[in-house]
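The values are calculated or read from the model by the stated rules, or taken from the named source; none is laboratory data. From a predicted model like this one, the values you see are computed outputs, not experimental measurements. We place every Cβ from the backbone using ideal geometry, glycine too, and count neighbours over all the protein chains shown.
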Amino acid sequence: MDRIFTRIGAQDEIHAGQSTFMVEMVESSLILLHATSRSLLILDEIGRGTSTYDGLSIAWAVVEYIHNHPKLRARTLFATHYHELTQLSQSLPGVRNYNVAVTESGSQVIFLHKIVPGGADRSYGIHVAQLAGMPQPVIQRANEILLQLEASSGSGLKISEASAQQLAFFPETNPLLEELRKLDINAISPIEALNRLYEWQRKYLLRDE
């Protein structure tokens, strides 16, 4: 190969007045203009910085351009979460789908760190958020919203007053919450408040580190 082109990562260039999406588009356009049939292209999540349909449309067009341009047709690794793009393997003979294998056991998902042929049938973003330590109320609500979006094909949500209430910062049985309930704010001095915060930090945070 003559060169390796990559479009990986996401960052703004505030000093240049460019958003994450603009940076992504500038870099992608440079790749498409300068790559040759002997280049290796590594493209990660093209189109993620804008609305879903705009991003999908751009990603789709980029794949077609690389595949069909008579002077390009470079070997390309194109990572995406747009499941619709897996359809391209049916119309473009040079496209092959691969996905990261996972296994599910009940509500648990285990990532096998293995690449296998075929397109992924779903995403596991909420499971990743759970593995990252996202609070359980957020995970539960995200699953509820996902089911509604899938049922409505993404057209909208029916938001009830109960479900739209702000998520609790602490579980109801959290001992810190009990201490907060017992605290008389009107009867405590500023220095006492600072001392209490220091005590709670030492008691509930530092012990877990």
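Restrict the check to segment 120-132 and report whether at least one residue is at pLDDT below 90, over 21 Å from residue 68 (Cβ atoms), outside the structural domain of residue 45 (by TED's automatic domain parsing) and touching a Ser or Thr at 6+ places or on another chain (Cβ under 7 Å).
No.
Pick from 2, 44: which is touching a residue at least 24 places away in the same chain (Cβ under 8 Å) and more than 24 Å from residue 119 (Cβ to Cβ)? Write out each step before concluding.
Numbers: 44 fails: more than 24 Å from residue 119 (Cβ to Cβ).
Matching residue, one of 2, 44: 2.
Restricting the search to segment 60-85, which residues are in contact (Cβ under 8 Å) with a residue 24 or more places away in the chain and in a helix (DSSP H, G or I)?
60, 62, 63, 64, 65, 66, 67, 68, 83, 84, 85
How many residues are assigned to a loop (DSSP other than H, G, I, E, B), within 21 Å of residue 83 (Cβ to Cβ) and either touching a Gly at 6+ places or on another chain (Cβ under 8 Å) or not polar (S, T, N, Q) (or both) if we restrict to segment 117-154?
From segment 117-154, those assigned to a loop (DSSP other than H, G, I, E, B) are 118-124, 132-135, 152-154; that's our starting set.
Pick out the ones that are also within 21 Å of residue 83 (Cβ to Cβ) and you get 118-124, 152-154.
Then keep just the ones that are either touching a Gly at 6+ places or on another chain (Cβ under 8 Å) or not polar (S, T, N, Q) (or both); that gives 118-122, 124, 154.
Selection size over segment 117-154: 7.
Taking only segment 86-116 into account, find how many residues are in a strand (DSSP E or B) and of a type in the set (Ser, Thr, Tyr). Break it down into steps so the answer makes sense when it comes.
Just the residues of segment 86-116 that are in a strand (DSSP E or B), to begin with: 98-105, 108-116.
Pick out the ones that are also of a type in the set (Ser, Thr, Tyr) and you get 98, 103, 105.
Matching residues across segment 86-116 total 3.
So which of 116, 62, 95 ends up being out of contact with any Cys (no Cβ under 7 Å at 6 or more places or on another chain), modelled with pLDDT of 90 or more and farther than 27 Å from residue 25 by Cβ?
116
Can you tell me which residue within segment 21-52, out of those that are part of a loop (DSSP other than H, G, I, E, B) and modelled with pLDDT of 95 or more, is nearest to residue 76 (Cα to Cα)? Quick ask: steps written out before the conclusion?
Of the residues in segment 21-52, the ones part of a loop (DSSP other than H, G, I, E, B) are 35-39, 45-51.
Keeping just the survivors that are modelled with pLDDT of 95 or more gives 35-39.
Numbers: 35: 11, 36: 11, 37: 10, 38: 11, 39: 8 Å.
Result: 39.
Would you confirm whether or not segment 170-177 contains a residue that is at pLDDT below 55, in a loop (DSSP other than H, G, I, E, B) and not acidic (Asp, Glu)?
Yes, some residue in segment 170-177 is at pLDDT below 55, in a loop (DSSP other than H, G, I, E, B) and not acidic (Asp, Glu).
Considering only residues of segment 59-97 that are out of contact with any helix residue (DSSP H, G or I) (no Cβ under 7 Å at 6 or more places or on another chain), surrounded by fewer than 18 Cβ atoms within 10 Å (Cβ to Cβ) and among the aliphatic types (A, V, I, L, M), which is farthest from residue 122 (Cα to Cα)?
Ranking the qualifying residues of segment 59-97, first place goes to 61.
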